[in-house]
Each structure stands twice: as C-alpha cells, then as structure tokens.
Amino acid sequence: MAVVTVLRGVSHGRLPLLPHSQLPIVRPRNIAYRNRPNVLRVFARYSQAQDLFTSRLQDRLENLPKLVEDIVQTSLSTGPRGALRLAQGVQAVVGVGSEWLQDVSKTANSSTGLPTQLQLGLLSPLYLRKLFERMGATYIKLGQFIASAPTLFPPDYVQEFQYCFDRAPAVPFEQIQTILREELGRPIDTVFEYIDPTPVASASIAQVHGARIRGTGEDVVIKVLKPGIEDILVADLNFIYIAARILEFLSPDLSRASLVAIVKDIRESMLEEVDFNKEATNVESFRSYLEAMGLTRQATAPKVYRQYSTKRILTMERLYGVPLTDLDSIKSLVSSPETSLITALNVWFGSLLACESFHADVHAGNLWQLRDGRIGFLDFGIVGRISPKTWAAMEVFLQSIAIEDYESMASALIDMGATGKDVDSKAFARELEKIFLSIQDLDTEIIVAAARDTSTNATTVAANVAFDERQMNALFLDVVRVGESYGLKFPREFALLMKQLLYFDRYTRLLAPNMNMYRDQRINVVSNQRQRNIYQ
C-alpha cells in the first residue's frame, strides 16, 4: 500500500550551530530604539524554534533503536519471500504506470487540463485500485478492508474499492487436492468419499468445495486456503507495516493520525481471516450463543468438523437453502417471509450483546432461509467485537432511530466518537435528519421473472431484490462525512454495525415492505439485561 505524507516545517539545515549565548547581536545604526522589542521577539521565536527542533531530534534518536529492532524482526519473519513480492510489485507498478501514461497522452491536448484522477497518478483511487488488483490476493483483501472501513479512509477510495468485492478466479482442483492431502496427513479418499471439483464459491483468499464424509455420508463444505496466499499475505503486510513505521518516524504528525495503529488493525484483521482455526472458533461461539438463548429451532450456523479442519482448511456442515433475497423461493419454504426476517433480526441483534463476537458480513450470500425453516448464518470470516462504550452509545442510537429523535441520535454519536472539541449537537442533529430521510429515497428494484413450462402449462414466478451496494455505502459515508465535519472520528466497529443495518433495511423492503424494523414490537432492537445474565 502506498502512503504519501507531506512534510512541512523549517529547513533546519540553515540554523547556525553556535549556542544561543555565542550568537552575535547586530544593532544596525538605522534601527531606532523603539524597534528593539521587535528584534528581541525575533530572537525569542528563533530560540523557541531551535529548542523545538532539538527536542524532536532527541525524541527521534531515542525511538530509533526501537524502530530498527522492529524493522529487523519484521524482515526476519518475512524471509526470502519478501524479495519475490518486491519484484512482483515493481512489475505491477510498471503495468499500471503504463496505463496511466496512455490515459495521460489521450488527454494531453485537452483544453481543460488533466482530470484530478490523472493528476494524482498511481495514488488516485482508480489507479491504486488497479494496482491492488494486479498485486493479487493480499491487496484485494486490503481493498475490501478499505471499502468496508469508511471511518478510516477517504470517501473516494472507499467507493472505488467496492470493485474489489467481485468474484475471484478459481484455483485448479489439482492444487486444492494437494493442499487437502498435506493438511489431512493422509489420502483424501480415506476421509471424504466424494469432493465436487467445481467450487461452490471462490474468493480472494479461499474457495469452497462440496463434499461427503466417508462412513457417515454427511454432506459438508470444505473451505480451502488458496496455495501460497499465507506467505504472500505475511510478506505484503510486513512491508506495509515497515513503511508505516518509517513514515511515522520521519513525520511525528502521522502518529496523531494513528497510521501505525490503523495498519496494525488491518494486519490483525486480515491475518485472522486466513487462520481457519479462528473462524471455526467464531462459528462455535455463535452456535453456543444460540444454544444458551434457546434459539436453535429458529436459527443455526454450520457445525464445524474439527477433526477434518486445520489452519488452512475448514470442514463444515453443508446447509441447504436460499439467500434471504430470493422471495419466491422463500415463499415455497415458509408461510411467512416476514416472520423469517423478524427471526433473523432478533438473532443478530441479540448476538451484539450476548455473543463474544457478531457476524459482520450479513449480505445475501451469508444469510439464508434454510429448507427446514430456520435462518442460516454462514461464513464467519469477518466478525466484529463491540466495546462497552460503543455499545452503550449504540443502544441510544438505535432507540433514537426508532422514534426519529435526531437530537438523541446526535448525542449518541458524539458519545461514541473521539473528538477534541465541543460539538453543536443541534446543528449535527439537523444534518443527520437530512441523511436518514434520504434512506427512503434509495433505489431498490424488485425483479420479477416469469417462466412457463410447456409440458404442464404451469407458470413459475421468481422475485428478487437488486440494489446498488455502492449507494448503500454512500449513505453511510454521508454520516461519517458529517461527523468528521464536527470533529468526530468513529470507531471501526460502528462502521461494521451500520453496514449490517443497511443490509437488513434492504431485506425489509423485499420481505416486509410495511414493517419498520426499529419500531416493530416483535423485534428486540436492544437486547435486555435478562439476556445478558442468561448467557453469562
């Protein structure tokens, strides 16, 4: 990841090396006595600037051994794979740079000059996204992180990196078989009697295959880490971390922007996604929450087969159903799609408080209506953990949405965000009201398709919902942008929560268009104290 910092300050190389006491005091004859205070003020400011420079230099020298130690340890953990990734990175930069030069040449004769996108070069959102895609899995995941964290990154970059969510190409099945043999430590056919060579899904770091366990005949899915991904990920993230450490060392102002802290957050989040032992723990934690709350008849998550799972492969129960956006199919499985939605909402809202972590990616592919009538929560690679401070503010925030009390909403967001100045809560509330009223204006298209069976003359009607996820993200960006204009910086967990609420808002428009999920008495938006006590 490329980071640019602009260093502003005094050119200290011009400062004399003499101590203050040895500086000659020149009194030109044409300077009147009354101007002497001005001369003294100049020397006082000069002295303060020199003291500040000396203090900063001393701080940097004190921090230098720690920086060197950090760089050495990180480089050792990277190993020779770092050199390979550097070569691949140079190749990617040359490729995207060539694209940029071609685009510049096309607009060189334009009377309006170069567009902003071209002026920024490879650091513009468009070309940086293209560079990330050429760099492969790590940077695609990093792009997805940027797209999912509007509280941390500029809006233009968040919107452009939405393209990183597109389907990734599949790895040949022969390579998947090799990984399975290595991880299982025995022939594949001694564990699975069948594995479908065509993947069920393929993402940037893993792909999923359907299978059947030998002996029991249980249907499962196997999530397999793509070959070489972990080495590439470690090398790339270590490079990004070193770059951030050096930049923060050279420009202390960046430490106030928490550059290294942000990079650490990215690194921990992405490394957690490639450790399937952690994902298995997330799934089991959610299943324990469902059991403790007596919700196993209403919802479920896949059973994990630990004996057939490792850090690089995850074997789980295969759940059969349809996405929560497939209205026609849902109607064939349950009598009331609205009831299914209410169940999904109550289970998810309850997990915010009663579960160790909450599902932070409830898009249609991960939230299903199962054939047995339950709601299935799939793929726990991305989860969130909410702090007590954020949760307390989030309770007020959700309640204020329900009653459209924008002043309370503003107060909750002020309590949640970090700010160093007083905020005009009434003005902030007016801005929030404009934004949340615009939710009703989001375009949602219900797609209805009809097909006639010529043999039976029967007509089948299928309905689905389509909406632009970038439009959803733009709405949330408005909240973040307005908050920042008032000096607020929201935690990342708030961004994760808001995005899930927008997903549920879309499901509501399709499955229960007359229902207000914040006001409906059947939905426990804020979990009560009794739930907390039961689980604990």
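Listed here are the residues, each with its yes/no results for (1) modelled with pLDDT of 80 or more; (2) out of contact with any Leu (no Cβ under 6 Å at 6 or more places or on another chain); (3) surrounded by 15 or more Cβ atoms within 10 Å (Cβ to Cβ); (4) closer than 27 Å to F132 by Cα.
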| residue | (1), (2), (3), (4) |
| --- | --- |
| L152 | no, yes, yes, yes |
| P155 | no, no, yes, yes |
| Q162 | no, yes, yes, yes |
| E183 | yes, yes, yes, no |
| P197 | yes, yes, no, no |
| S202 | yes, yes, yes, yes |
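Here is a check on your reading of the model: is T216 within 18 Å of S309 (Cβ to Cβ), touching a helix residue (DSSP H, G or I) at 6+ places or on another chain (Cβ under 9 Å), open to solvent by 60 Å² or more (accessible area, probe 1.4 Å) and not acidic (D, E)? Criteria not met by T216. Out of the residues in the range 461-507 that are open to solvent by 10 Å² or more (accessible area, probe 1.4 Å) and β-branched (V, I, T), state the one that is modelled with the highest pLDDT. Looking at residues that are open to solvent by 10 Å² or more (accessible area, probe 1.4 Å) and β-branched (V, I, T), I get V482.
Criterion applied to I222, I179, I146 was being crowded, with 20+ Cβ neighbours inside 10 Å and farther than 30 Å from G417 by Cα, and the one residue passing it is I222.
The residues listed here are S340, S336; of these, the one that is free of Cβ contacts under 8 Å to residues at least 24 places away in the same chain and either surrounded by fewer than 20 Cβ atoms within 10 Å (Cβ to Cβ) or more than 25 Å from E193 (Cβ to Cβ) (or both) is S336. Determine whether D361 is assigned to a helix (DSSP H, G or I) and open to solvent by 20 Å² or more (accessible area, probe 1.4 Å). Answer is no for this residue.
The values are calculated or read from the model by the stated rules, or taken from the named source; none is laboratory data. Nothing here was measured: the structure is a model prediction, and the numbers come from that model. Glycine also receives a Cβ, built like all others from the backbone with ideal geometry; neighbour counts cover every protein chain displayed. Accessible surface is based on the protein model in full, side chains and every heavy atom, while ligands, DNA and RNA are left aside. Shrake-Rupley method; radii C 1.70, N 1.55, O 1.52, S 1.80 Å.
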